1. Take the range B:91-107 and flag every residue that is more than 11 Å from every other protein chain (Cβ to nearest Cβ), part of a loop (DSSP other than H, G, I, E, B) and over 24 Å from B:Arg214 (Cβ atoms).
2. In the range B:146-175, what residues are surrounded by fewer than 17 Cβ atoms within 10 Å (Cβ to Cβ) and not hydrophobic (A, V, I, L, M, F, W, C)?
3. Inspect the range B:79-90 for any residue being assigned to a loop (DSSP other than H, G, I, E, B) and modelled with pLDDT of 90 or more and give the result as yes or no.
4. List every residue pair whose Cβ atoms sit under 7 Å apart, with the two residues 6 or more apart in sequence or on different chains, where the first one lies in the range A:15-33 and is assigned to a helix (DSSP H, G or I) and the second, anywhere, is at pLDDT below 90.
5. Quick check on the range A:240-254: of everything there that is among the β-branched types (Val, Ile, Thr) and assigned to a helix (DSSP H, G or I), which residue is nearest to A:Ala275 (Cα to Cα)?
6. How do the pairs read when you match residues in the range B:132-160 that are at positive phi and more than 11 Å from chain A (Cβ to nearest Cβ) with residues anywhere that are of a type in the set (Val, Ile, Thr) and surrounded by fewer than 21 Cβ atoms within 10 Å (Cβ to Cβ), using Cβ under 6 Å and keeping only pairs 6 or more apart or on different chains?
7. If you go through the range B:199-217, how many residues are over 20 Å from B:Ile66 (Cα atoms) and either more than 8 Å from chain A (Cβ to nearest Cβ) or over 17 Å from the mean Cα position of the chain (by Cα) (or both)?
8. Could you tell me whether A:Leu226 is exposed (fewer than 15 other Cβ atoms within 10 Å of the Cβ), under 30 Å from A:Leu282 (Cα atoms), within 14 Å of chain B (Cβ to nearest Cβ) and of a type in the set (A, V, I, L, M)?
Amino acid sequence: MDFLAQVDPRVNFWATQPGSVEMWLKILVGLVISAGAIFALIKMPTRGRRPVVMAFTFLCGLFYVLLWIWPSPLNRKPDEIARSPAEGVSFLLADTLPIVATITNILVAILLGLGVYSLIRLHGGRIIKRHADRGFSVVLLVSMLTITVFGYLDWGMRTFGDKEGKLLDIANWGFVNLGADLLFDGLLQQMDSAMFSMIAFFILSAAYRAFRIRSVESTVLMASALILMVSLLSAVVVVWNGNVTNLAAAMNVPLANPSIGEAGALNFLKISNIASWVTSFLQTPALRAVDFGIGLGALAMGLRLWLGLEKGGVSV
Amino acid sequence: MQWHDTGSFGMIFVIVLVAFILFNIYRAETKKKELYIRRIPGLNAIDDAIGRATEMGKPVLMVPGIGGLNAISVQALNIFAQVSKAAAQFGTPIRLCVADAAVFTVAQEVIRDVYQQQGLSEKFDPDSVRFVTDRQFAFAAGVSGLILREKVAAAFFLGEFFAESLIFAETANSIGAIQVAGSTEKSQTPFFIAACDYVLIGDEFYAASAYLTRQPILVGSLVGQDWCKILIAACVLFGFMVNSYQRTQTTSLQRMPWSEAEPEAWAQLTPEEQGNFEAVEVMKDTGTPTLVKKENTGLYRVFNPMRDRESLTVTREKKAVVAPLGGGE
C-alpha cells in the first residue's frame, strides 16, 4: 500500500527482512490472532455474530464501491507521488486491490480445505457404517488420495528439483510425472469430455419433449426453431433463396436497392433473412430485456447485502 | 470534446437506480398496505413439490449452480432456506449439493440456522449439505448419480448453471421428479424450459425471496426494481427516437482513435507515449459526408466519452529512492 511504503523502513511494521526470525514470528502471531478471532466468532451466539458480519460486509463492500466511484489515476507509474489528496485516495485504492484479492484467495483456500474435510467425513462415514453404496465412496477417496499424492510429487519435482527445466521434455519424465499426466490428462480430462458429450443425447430427448405442440407457446417455439434450423441447412438455403430471386425476376421487382444499401420487400422472403430477422429483432431484444432484469436484481440483492437489509436466509 | 463527454453519466444513472431501490425499500417499510406481486407459478409449485416428496418419503434436491459465492448463489441459498423451512416442517429429507467450497460453508450455516429457527435442530443432518467437487462435469456426474441412487422426488436447480444444466434436468426428468429451475445464465434458460416443469426466467429468480417471504424490505426492493425497469424502458424509447433521427443525418466528421486519424504523428511517439495515449480519440473531418455512425451519436457519446490528449497528459513528482532493508549492493 502506497501510504505504508512511504514510511521510513526502519520504523515500518510491515517491512521485515525476508526469511528472518522476526518475519516468522510476525506470521505466527498473525495466525494465532486469526485463529482466536475465528474461534470467538464460532462461539458467539448468532445474534452477536450478525453485527460483526454486517460490519465486515459493509467495509468490504465500501472498498469496491469506492474503487468504482472514485476517479481512477491516469497513466500512473509505480514511483510517482499523488498530486492531490483525491489522487492519493485513488492511488491507495488501486494499490489495495491486489492485497484484497490475495486475502480473498487465502480465504477461498481455507474454505476449500473445509469442503475437502466434509467430503472425507461423508464418504469415510459411509465406508465405516457399511453403507449400501460404499463402493463409490471407496473409489472416490482412493482416487482423491492418488491424484493428490501424484499431483504434489509432480509439482514438487518441477518446482524445486528441476531448475534446468529438463522435465519440459517428456523423454525425461519418470514414474511420478507419467502417473500425474495419466491421472489428470489421461483420465480426468477424458472423463470430463465424455460427460460433456452426453449433453448431445440429453438435448435430443429434451428437444423432443419441448417441440411437441401442446400450446400456443410451444407452437411458436417450434416454428421459430424450425426456421432457424432450416436456415442452417445449406442445400435448403440455396434452393429457397434461389426461388425468391427467380420470383423477383419473374415479377420484375428489384431484390435490393444497391444505391442506399437497403433490401427490397421480396428480399426478406429469403430464409437466411427471415432467420436473421428472428434472431436480431425477436431473440436479441428479449435477451436484452432479460439482461436488464437480471442486472437490476443483482444490483438490488447486492445493495441489500451490503447495507445489511437482508434478513433471513443467508443473513440469519 | 463536447459537454456530454464527461464519463459520469453511466455512474449517475446507476446512482439514480440505487436511489429508486432504496426509496422503495423505505416506502415499503413505512407503508402499512401490502404491495402487490404478480403470481409466479414456479414459486407456487414449491409447496406442491415438497408435499409430493413427503408423500413419497424421498428427498428434495437443491443445487445452487456451480458459481462462486456471489449475489446469485446467495439468492439461491435464500430461496433454499425457504424450501428447507417447509421441508423441515414436513420432516422431508433434503440434499443440497454445492460445487464451491465457499458456498458450501455458507449453505451449511444457512440450513443449520433454518432447522434451529424451526426448533428442529436434532433433525438437521450435516451430511444433507454436500460439497461434491469444484470441477464442472465431475459435479454433473456426482449430482446425477445422487439423483438416480436416491430417486429424489423434487429437484430445485436455481443459480448459475452452464453446460451441466441439461444433464441435471434430464436426469431428474428421467426419474419423474418435479423440477423447479432458474438460471441467471440466459443461454441455459431454454434448456431448463425444455426439460423442467417450472422455470424462473430472468429477474423472477431475484423476486423469489420477496414472493416467498413477503418481507417489506424485499417487496420494496422489488418495486424499486420495477421503477428502474420503467426508467430503462423510457431511456430505450428515447434513445430509439434520438438515434433513429441522428442516424439518418449525414456528416463528414468521424470519431476515431488518434493512431488512425494521424498515423504520421502517432509514429513519432515513443512506445511509452503510445501506451499512455492509446485511449485518445479525435474528431476528424474526412471530407466525405456519410450517414452518422453509431459511435458519433449523442447517446453513444454520453456513455462512451472521448478522451483527448490533454486529459491524459499527467506529470507527477517521483518518489525519493529508499535503500532496501538489509542494505543493497
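1. Result: B:Gly91, B:Pro93.
2. Correct list: B:Arg149, B:Glu150, B:Lys151, B:Ser174.
3. no
4. Once the first residue is assigned to a helix (DSSP H, G or I) and sits in the range A:15-33, its partners that are at pLDDT below 90 give A:Glu22/A:Thr16; A:Met23/A:Thr16; A:Met23/A:Gln17; A:Lys26/A:Thr16.
5. Residue satisfying both the conditions and the ranking: A:Val244.
6. B:Lys151/B:Ile175
7. The number of residues fulfilling the criteria is 8.
8. No, not satisfied.
The values are calculated or read from the model by the stated rules, or taken from the named source; none is laboratory data. All values derive from a computational prediction rather than experimental measurement. Methodologically, a virtual Cβ is constructed for each residue, glycine included, from the backbone with ideal geometry; neighbour enumeration extends over all protein chains shown.
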